[in-house]
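Written below as structure tokens is the structure these notes are about.
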Amino acid sequence: MSRTTSAWCASLIIAATALEAGCAVIPERQSSGGSAEDVAITTEIRARYASDASLSAAGIRVETQEGDVQLSGLAQSAEQRARAEEIARDVDGVDSVENDIEVQR
């Protein structure tokens, strides 16, 4: 390989490496648990719901953004709705809980 070709290949490799490093993908925050902490909060709440006999069959959705939790969906009773909120408030990292769960009639 000639000296010019070697220099050109080396330059190309260096440029490609620099371009790759400069174009690293940084995930954007998503409205429902984009940060690692929000995902952990949502996962913990869902795990607690699954292990709670009174909530395991409930259709409750959990969304977290910046530590603020929003609960929605349907509960079978007012007690179930209140229990879902109580569990969510008890999770580390939760700043506030908005309980939009509706009780089925």
- Qualifying residues in region 86-105 (those that are part of a strand (DSSP E or B) and of a type in the set (A, V, I, L, M)) - the one surrounded by the fewest Cβ atoms within 10 Å (Cβ to Cβ): 103
- For region 46-55, indicate whether the set of residues that are surrounded by 10 or more Cβ atoms within 10 Å (Cβ to Cβ) and at pLDDT below 90 is non-empty. yes
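Can you spot a residue in region 69-78 that is over 12 Å from the mean Cα position of the chain (by Cα) and farther than 11 Å from residue 102 by Cα?
Going residue by residue through region 69-78, those that are over 12 Å from the mean Cα position of the chain (by Cα) are 70-78.
Next, from what is left, pick out any that are farther than 11 Å from residue 102 by Cα: 70.
Yes, region 69-78 contains a residue that is over 12 Å from the mean Cα position of the chain (by Cα) and farther than 11 Å from residue 102 by Cα.
Looking at region 68-85 only, could you name the residues that are assigned to a strand (DSSP E or B) and farther than 19 Å from residue 40 by Cβ?
Pass one, region 68-85, residues assigned to a strand (DSSP E or B): 68-75.
Scanning region 68-85 gives 72, 73, 74, 75.
Counting only residues that are within 16 Å of residue 49 (Cβ to Cβ) and surrounded by 14 or more Cβ atoms within 10 Å (Cβ to Cβ), how many does region 63-81 have?
Of the residues in region 63-81, the ones within 16 Å of residue 49 (Cβ to Cβ) are 63-64, 69-77, 79-81.
Within this subset, residues satisfying the condition of being surrounded by 14 or more Cβ atoms within 10 Å (Cβ to Cβ) are 63-64, 69-76, 80-81.
Residues that pass the stated criteria total 12.
The values are calculated or read from the model by the stated rules, or taken from the named source; none is laboratory data. Note that this is a predicted model, so its numbers are computed, not measured. Positions of Cβ are generated from backbone atoms using ideal geometry, with glycine treated the same way; all protein chains shown enter the neighbour counts.
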